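Take a look at the structure set out below.
The values are calculated or read from the model by the stated rules, or taken from the named source; none is laboratory data. Predicted model only: the values in this text are computed from it and were never measured. Note that we place each Cβ from the backbone using ideal geometry, even for glycine, and neighbour counts take in every protein chain shown.
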Amino acid sequence: MARHLLEADPGDGAAHVAYARISAARGLVDDGVLRLERLLAQNPRQPDALAWLAVFWRTKGDRERALLLARRAASMGSRVAQADAMLGDDALDRGDVVEASTHYERSIQHGPKHARGWLGRGRVWWKKDELADAEEAFAKAVELDPRDLESWLALIDVEIEGGADEAADDNIALALKQHAGRAELLQRKAAQAQKKIQNDPVEQGLGPVRAALYEGNSDRALQLLDALVGQYPDDARYLVVEAEIAAVTGAGDIPFLVNELTRVCRERSTAWEARAALGRLMMRPGPLQNLRTGVAHCEEAWRTSGEHARAGLFLFEGYAMLGKRPFAVALGKRIATGDSIEAGLVRGLLKEFGESV
């Protein structure tokens, strides 16, 4: 379309800008810069062309030139959200919250679907200690551009600071689906898990239950679980552990457990512990066995959990049951490098496979 417009009118500034943006989107940023510089040499008073030139120079890494051009474009009344957000970032870096807020609001006004403007608005609110407003803005940025890790990290951190640990845990899980294996997310997940263990007596009590189950002492696991329920009744996490025990022993109301875990997963897509337990339960031989669906649940739990060793153990077992030995071995060797009890179990299973660890 831009090419046809230029053929009809070679001086069409908007068409030149569109053509330059297409070039930049294809990775030909230098071509976009050259086209806009030629356009501005003929007519310097084209604020949007100037603003996009600033954006391209920022992409090329020349921050100072980009800011100079963006300021000139803004003074001429440009309406390019990306350039406005760039100016907001610069003002915030300098500690000028008022100026930053002005630029970010312009960015949102000129481009409501440009995530960086919303990210900037959230940072301004965060600086003002308005955590709820900051969270709302960061959530909008994530919604608009789930590929932007910076927005995810800001959303998670403001939720942690505000004490919304469950929301933070959910968003870590969602972010890991978009950015699997990213160290920044895994570090936050590990810190959240450690905080939960330190401050949560139920979480502390579930560790010995699982340890007994993994050691093959299911009676001891049930005794420990009953004692924990007696001390801290009515905790939804017991359902997950009951399912894990049932998957090993066959004890309990398996249809009920499957239905309840399915409901939990449907209501909360990030509930990886429930999903892993559901997958493990569905892999158990019996009337409700559905091996492929069970493995699919475990695969999703592995991704959503940030590659937690428990989800990995269940997935390892599922791959072995499906006869996917190469998948099982590759996964097992990744898990075996850890120091968790599940990692120790996987190391033993790999040795049974005749694999070195």
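Of all the listed residues (Leu144, Leu213), the sole one being free of Cβ contacts under 8 Å to residues at least 40 places away in the same chain, hydrophobic (A, V, I, L, M, F, W, C) and farther than 30 Å from Gly111 by Cβ is Leu213. Of the candidates Ala73, Ala85, Ala91, the single residue that is within 27 Å of the chain's Cα centre (by Cα) and not in a loop (DSSP other than H, G, I, E, B) is Ala85. Scanning the range 191-205 for residues that are under 19 Å from Asp157 (Cα atoms), among the hydrophobic types (A, V, I, L, M, F, W, C) and either surrounded by 14 or more Cβ atoms within 10 Å (Cβ to Cβ) or touching a residue at least 40 places away in the same chain (Cβ under 8 Å) (or both) returns a single hit, Ala193. Is it the case that Glu300 is more than 23 Å from Gly338 (Cα to Cα), assigned to a helix (DSSP H, G or I) and not aromatic (Phe, Trp, Tyr)? It is false that Glu300 is more than 23 Å from Gly338 (Cα to Cα), assigned to a helix (DSSP H, G or I) and not aromatic (Phe, Trp, Tyr). On the given criteria, is Asp234 acidic (Asp, Glu) and at positive phi? Against the criterion (acidic (Asp, Glu) and at positive phi), Asp234 qualifies. Number of residues in the range 144-178 that are assigned to a loop (DSSP other than H, G, I, E, B) and either at pLDDT 95 or above or on the phi < 0 side of the Ramachandran plot (or both) equals 6.
Is it the case that the range 279-295 has a residue that's crowded, with 18+ Cβ neighbours inside 10 Å, basic (Lys, Arg), touching a helix residue (DSSP H, G or I) at 6+ places or on another chain (Cβ under 7 Å) and part of a helix (DSSP H, G or I)? Yes, the conditions are met somewhere in the range 279-295.
For first residues located in the range 252-265 and exposed (fewer than 12 other Cβ atoms within 10 Å of the Cβ) and assigned to a helix (DSSP H, G or I), partners that are at pLDDT below 95 and of a type in the set (A, V, I, L, M, F, W, C) and lie 6+ apart or on another chain with Cβ distances below 9 Å form the pairs Pro255/Leu288. For Glu64, indicate whether it is under 28 Å from Ala154 (Cα atoms) and either part of a helix (DSSP H, G or I) or among the small types (Gly, Ala, Ser) (or both). Yes, satisfied.
Each residue in the range 71-96 was checked for being surrounded by 16 or more Cβ atoms within 10 Å (Cβ to Cβ), of a type outside the set (Gly, Ala, Ser) and closer than 15 Å to Trp126 by Cβ, and 2 of them qualify. Out of curiosity, is Leu53 under 23 Å from Arg35 (Cβ atoms), assigned to a helix (DSSP H, G or I), over 27 Å from the mean Cα position of the chain (by Cα) and at pLDDT 90 or above? Spelling it out, it is not the case that Leu53 is under 23 Å from Arg35 (Cβ atoms), assigned to a helix (DSSP H, G or I), over 27 Å from the mean Cα position of the chain (by Cα) and at pLDDT 90 or above.
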